[in-house]
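Colleague: First, the structure itself, so that you have it in front of you.
Each reported figure results from applying straightforward, stated rules to the coordinates on display, with no laboratory input. Note that this is a predicted model, so its numbers are computed, not measured. Virtual Cβ from ideal backbone geometry, glycine too; neighbours counted across all protein chains shown.
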Amino acid sequence: MVYLNRIYTKTGDDGTTGLGDGSRVAKTHARIMAYGGVDELNSVIGLARLQPLGDTIDDWLRRIQNDLFDVGADLCVPESDPPPDQPPLRVTESQVEQLERWIDSANEALQPLKSFILPGGSPAATHLHHARTVCRRVEIAVLHLAEFEIINAQTYIYLNRLSDLLFVLARVCNSNGQTDVLWVPGQNR
């Protein structure tokens, strides 16, 4: 349970912040960059939800926003040996599988692509493409963290699948791909 009675604590004034296990690291630490990016992604998805998306997509994105807090919580607590008495929240394979089911469901109405598409079309699709690009960047930050610290692999697998879902949903919001903006190689030479 979270209980915040004050927003500022002044404990970060020295350039450090606390992790979920009580340890402190520099605010520039790769772990902070990773879960800070997850927070940014969640905000960008919140902006996308301001667009008319339809009830199903909006519900999926609402659930994803909650899952992204799980991803952040997972990244906030380093793996430890032995594990703590109270097991930390970890992203699970079932959360990834849910994204895969949604991708398959949304992709059914789409025609296969014959060109790359540009981020654009409807405002909803544009916001989802923006969320997709932020998601890819966050995935890279989490993978960077994984280069030198042990982390739950489901965190970056979840982000990888989420970027795929955001791409498919952007196409759905472009009249099921009918109004996708296609890349024309060398068009402006």
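Colleague: Give me a comma-separated list of calculated 3J(HN,Hα) values for segment 173-188, in order, Karplus coefficients 6.51, -1.76, 1.60 applied at θ = phi - 60°, integers in Hz, x for any Gly or Pro.
Modeller: 6, 9, 6, 6, x, 5, 10, 4, 8, 7, 6, 10, x, x, 4, 10
Colleague: Where does the chain land at 222 nm, in deg cm²/dmol rounded to the nearest 500, when only DSSP H runs of n ≥ 4 count, each adding -39500 (n - 2.57), divided by all residues?
Modeller: Calculated at 222 nm, the ellipticity per residue is -18500 deg cm²/dmol.
Colleague: Using a 10 Å cut-off on Cβ atoms, rank the peptides 112-122, 66-76 from the highest mean neighbour count down.
Modeller: Final packing ranking: 66-76, 112-122.
Colleague: Sorted from largest to smallest, which semi-axis lengths in Å does the alpha carbon gyration tensor of segment 17-62 give for its equivalent ellipsoid, taking the root of 5 times each eigenvalue?
Modeller: 32, 10, 6
Colleague: Let me ask another. Against the longest alpha carbon principal axis of the chain, how many degrees, from 0 to 90 and to the nearest 10, is the axis of helix 123-146 turned?
Modeller: 40
Colleague: In units of 2.2 N^0.38 Å, what is the alpha-carbon radius of gyration of the chain? Before the final figure, lay out the partial values.
Modeller: Values: Rg = 18.6 Å, N = 189, 2.2 N^0.38 = 16.1 Å.
That works out to 1.15 for the chain.
Colleague: Separate question: Of the peptides 90-97, 137-144, how do they stack up when ordered by the mean number of other Cβ atoms within 10 Å, highest first?
Modeller: Highest mean packing first, the order is 137-144, 90-97.
Colleague: Placing +1 at every Lys and Arg Cβ and -1 at every Asp and Glu Cβ, with all other atoms neutral, what dipole size does the chain have around its Cα centre, in debye to the nearest 20?
Modeller: 760
Colleague: Now for a different question. Considering Cα pairs under 8 angstrom that are at least six residues apart, work out the relative contact order of the chain and quote it in whole percent.
Modeller: 27
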